[in-house]
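Before any comments, here is the structure.
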Amino acid sequence: MNKIAYINDQPYAIQKGESILQFVKRSHSDKLIPTLCDTPHLKPFGACRVCSVDVALEQDGPAKVMASCHTPVSEGIYIYPSSERILKLRKNIIELVLTNHPLDCLTCEVNNNCELQEVAARVGVRDVRYPVGKDNLNRTRDLSHPYMTSDLSKCINCSRCVRACDEVQGMFVLSMAGRGFESRVIKGMDTSFIESSCVSCGACAQACPTSAISDVYESKSIIADEKIRTICTYCGVGCNLEVAVKDEKVRFIQAPWDSKVNSGHLCLKGRFAFSFYNHPDRIRTPFIKKNGVFVEANWDEAYDFIASELNRIIKKNDPDHIAGISSARCPNEENYLMQKFMRAVIGTNNIDNCARVCHSPTALGMQRTFGTGAATNSIDDIKHTDCILVFGANPTDAHPVTGAKIKQAAMKDTTLIVIDPRKTELARYAHYHLQLKPGTNVALMNLFFYYIIKEDLIDTSFIEQRTEGFEEFKQHILSQNIDELESITGVDRNLVHEAAIAYASAKNAMSFHGLGATENSQGTSTVMLIANLAMITGNIGLPGVSVNPLRGQNNVQGAADMGCQPNQGAGYLDVTNDEIHALYEDFYGAKLPKHIGYNIPQMYEAALQDKLKAMWIIGENVVQTDSNSQMVIRALSKLELLVVQELFMTETARLATVILPAASFLEKEGTFTNGERRVQRVNRVVNPLSGTRPDGQIITEIMQRMGYPQPDYSAQNVLNEIAQIVPFFKGITWQNLGKNGLQWPVADGGGDTPTLHEENFKRGKGAFYKQTYKETSELQEHSKDYPFIITTNRGLEHYNSGAMTRRTPNEQIVTEDVLLIHPDDAKEYSINNGDMVCVESPRGKTDIKARISTAVKKGILSTTFHFSEVMINNLTSDVCDSDTQCPEYKVVAARIR
């Protein structure tokens, strides 16, 4: 029988772990008890006592005043939230709070979402009997930051902002200083926002009840026409956004508290960097290049020209002289249509997407070992793990909400192991930082395995029952020369030993890997070893364990799921398999190609050899983001037809024959699949800008123009089609995705799968693969003349080529790419902080500003690639992972002067 407690003498069932406040809100009403210092997903604080209630042990018995936010509810108690003395107490508390606040709050008509004003009205405060305790009106406003402002004259010292900074972001920028009437919130060492270590996540502004801290969009002062929930367009975390719209314009964005992904948390890109959507630079009409000059065209002219050129190329050559690159920033439905267009209308498997240049080793490596190339667990499993391994990733910059969760876990003493050539933010919190030489991942992993096997920390039962190939793998590991491995990696073997024992000894261990693991000549080998590490210790198929890739773009997972790759169609089905081929032909009602098509690097090579005449690129600025930029430019320039669908005139769009103006994520609908396989609804927030069209509509209309009977575009209808052909989408419908989406595979009845491989692997038994370290040809051929290694990375403030974020105030926070260089190297080359440095590789050179830093070891350089003025990918090579042709961005031979 359920345990019960009473609210105003009425019985209600208790749920385990509830506070009185949670119990009353759930059982009776969330309006019955006002709160001020309490807010969802922050720990109960109990400072203001506005939430006080009377609690008695028996009906009509003596009652005691208790703060409901942190008092546990217990069986049989009687709760009276609105007794006469409680109402009087609340009114008195609010009067006292208002002595530290401008009294015009009570009559203010502008700040109509002020929580203090709302609570004052609820408890009946119309004026204040007490004198003002301090002269807050003289506090200077902080307007130093492009997004964050503070007017601490409105501060009531509830500490919600301080707690949000600590508990949500883990930055500890804000704190309380002073005593009594002199107590106040300060930033850092009592400085401004811009001078502090604030990362602009906005958690403090969303938590503040009075606009003492707010954002420049004045989110607490605007009554929106509506608030629409959608999904962020940036990284693969897949944060939920609550977008406020007024007069058909986006006014501000907040994080919904009930999101399973980000529960009230966003980074500065997701919360603030949205103003690109209606920027004056948006392309608003199709263009056709004539005699080297772009000429405006209408949509019919553009479609007719494209269809005519594609048909001409097919007739003159064959369909394999045409290729397409889809976009990991487009919804699943648009990616699905793009691969369908290339296969069913053009007749080629020359289709790929940006997962090729980031996570193709993840897909192949995990498919070989597990049978499925996707994250095994939910990010939320961080709450249930004892050890976290972060391999080649900097999530606090590239995946900030997930990074904050990992950081919070480390601060609560969850063991953290970081494997990275740079001293990242997480490395400062790590118990073990293995700072290896770029490109030596396989050597380090073999050393890791050596100590696990030597210490007999393997999960014998799991290995025997659920894996194959272990004995051969074991003998290979034990035959390794650990002196040589230590020398190759540059990491102290004793530190590796300790880290290996910590991982293997943990009850539950999770691993997260990023581009530092994949963008190497042995990327697939590295991912297979990461998967093998989970298997050798039994960290698969349970809560709190994982092999989780951190996806760099918002729909990398989805673009691959939808078949935007040359060897696998929608649902990862093999296009060369006779049975699968027949299935696709029947479903699409068209004759389809059966041979594997070109991947992205092969497309460039084919174009240079006149084997590729046309390309269609959606939303990818490949000139700036793909490796060896000058080679990419030469390849695209040789094409007879280059169609680019874009928001802005990017470096790639400038080379186009036809530019088609696309819609941003705020102007379209569909679904994104985040890095934990969660399929979530993207809802249209505003209508497409005049002259632009959603990518799905564009693809549909060109399919129709070329004679294919594709129905007019509707994201919901395309999702229904996907569910018929993609096995793990079978149970997904627009309606059952709800607010928080579903993690595939989703069964017919709509049940999803937070944890993969619980009982067996898709391939049957998990496979061990032995790997031997091989030095990349980049260093074998060039290290003598180019003694430095450059490794590229991403920054927090900008995204990929910067096409979006550089059209927001983010550019005021970070204004340029910089080159990290160790102090010893800087001294040797007489380089001072801020000097311009010429960096050369065998492919080219660029000038970039130096930043002297111990984040990198001697001989290692590091930089981002967000600014086209630098074009760092002029330096990167066309060396690729041998299995997947994923470019090796992380190891570039260079010299400086």
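Note on region 837-884: among residues that are of a type in the set (Gly, Ala, Ser) and closer than 24 Å to Arg806 by Cα, the one that is modelled with the lowest pLDDT is Ser868. Just one of (1) closer than 20 Å to Cys886 by Cβ; (2) in contact (Cβ under 8 Å) with a residue 24 or more places away in the chain; (3) not small (Gly, Ala, Ser) fails for Gln568. It is (2).
Conditions tested, residue by residue: (1) in contact with a helix residue (DSSP H, G or I) (Cβ under 8 Å, 6 or more places away or on another chain); (2) surrounded by fewer than 24 Cβ atoms within 10 Å (Cβ to Cβ); (3) at pLDDT below 95.
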site	(1), (2), (3)
Ile213	yes, no, yes
Cys232	yes, no, no
Cys235	yes, no, yes
Leu241	yes, no, no
Glu248	no, yes, yes
Asn298	no, yes, no
Glu301	no, yes, no
Arg312	no, yes, no
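Within region 241-248, not a single residue is among the aliphatic types (A, V, I, L, M) and closer than 26 Å to Val97 by Cβ.
Any residue that is closer than 30 Å to Ala534 by Cα, among the β-branched types (Val, Ile, Thr) and buried (at least 20 other Cβ atoms within 10 Å of the Cβ) - is there at least one of those in region 335-358?
Start the filter on region 335-358 by keeping residues that are closer than 30 Å to Ala534 by Cα, which leaves 352-358.
Filter again for among the β-branched types (Val, Ile, Thr), leaving 357.
If we keep only those that are buried (at least 20 other Cβ atoms within 10 Å of the Cβ) as well, we get 357.
Yes, because at least one residue in region 335-358 is closer than 30 Å to Ala534 by Cα, among the β-branched types (Val, Ile, Thr) and buried (at least 20 other Cβ atoms within 10 Å of the Cβ).
Annotation: of all residues in region 855-893 being surrounded by 21 or more Cβ atoms within 10 Å (Cβ to Cβ) and among the small types (Gly, Ala, Ser), the one that is nearest to Ser783 (Cα to Cα) is Ala893.
The number of residues in region 400-426 being part of a helix (DSSP H, G or I) and over 19 Å from the mean Cα position of the chain (by Cα) comes to 2. One residue stands out in region 8-31 among those that are buried (at least 17 other Cβ atoms within 10 Å of the Cβ) and small (Gly, Ala, Ser): the one that is nearest to Val53 (Cα to Cα), namely Ser19. For region 720-744, give me the residue count where each residue is more than 16 Å from Tyr584 (Cα to Cα), among the hydrophobic types (A, V, I, L, M, F, W, C) and assigned to a loop (DSSP other than H, G, I, E, B). Of the residues in region 720-744, 4 are more than 16 Å from Tyr584 (Cα to Cα), among the hydrophobic types (A, V, I, L, M, F, W, C) and assigned to a loop (DSSP other than H, G, I, E, B). Being over 22 Å from Leu550 (Cα atoms) and either touching a residue at least 12 places away in the same chain (Cβ under 8 Å) or in contact with a helix residue (DSSP H, G or I) (Cβ under 9 Å, 6 or more places away or on another chain) (or both) is true for just one of Asn740, Asn736. Which residue is that? Every option except Asn736 fails the conditions.
To keep it simple, each residue is scored yes or no on (1) in the same structural domain as Ile346 (by TED's automatic domain parsing); (2) under 33 Å from the mean Cα position of the chain (by Cα); (3) at pLDDT 95 or above.
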site	(1), (2), (3)
Tyr604	yes, yes, yes
Leu608	yes, no, yes
Trp616	yes, yes, yes
Gly619	yes, yes, no
Gln624	yes, yes, no
Ser627	yes, yes, no
Gln630	yes, yes, no
Ile633	yes, yes, yes
Glu640	yes, no, yes
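In this entry, Val125 passes the filter for residues that are crowded, with 19+ Cβ neighbours inside 10 Å and either at pLDDT below 85 or not hydroxyl-bearing (Ser, Thr, Tyr) (or both). Restricted to helices (runs of 4 or more DSSP H) entirely inside region 271-386, those with at least 1 residues that are under 33 Å from the mean Cα position of the chain (by Cα), of a type outside the set (Ser, Thr, Tyr) and farther than 25 Å from Thr526 by Cβ are 332-340. Candidates are the residues of region 250-270 that are under 11 Å from Asn740 (Cα atoms) and either without any contact (Cβ under 8 Å) to a residue 24 or more places away in the chain or among the small types (Gly, Ala, Ser) (or both); the one that is surrounded by the fewest Cβ atoms within 10 Å (Cβ to Cβ) is Ser263.
The values are calculated or read from the model by the stated rules, or taken from the named source; none is laboratory data. None of these values were measured; they are calculated from a predicted model. Cβ sites come from the backbone with ideal geometry, for glycine too, and all protein chains shown count toward neighbours.
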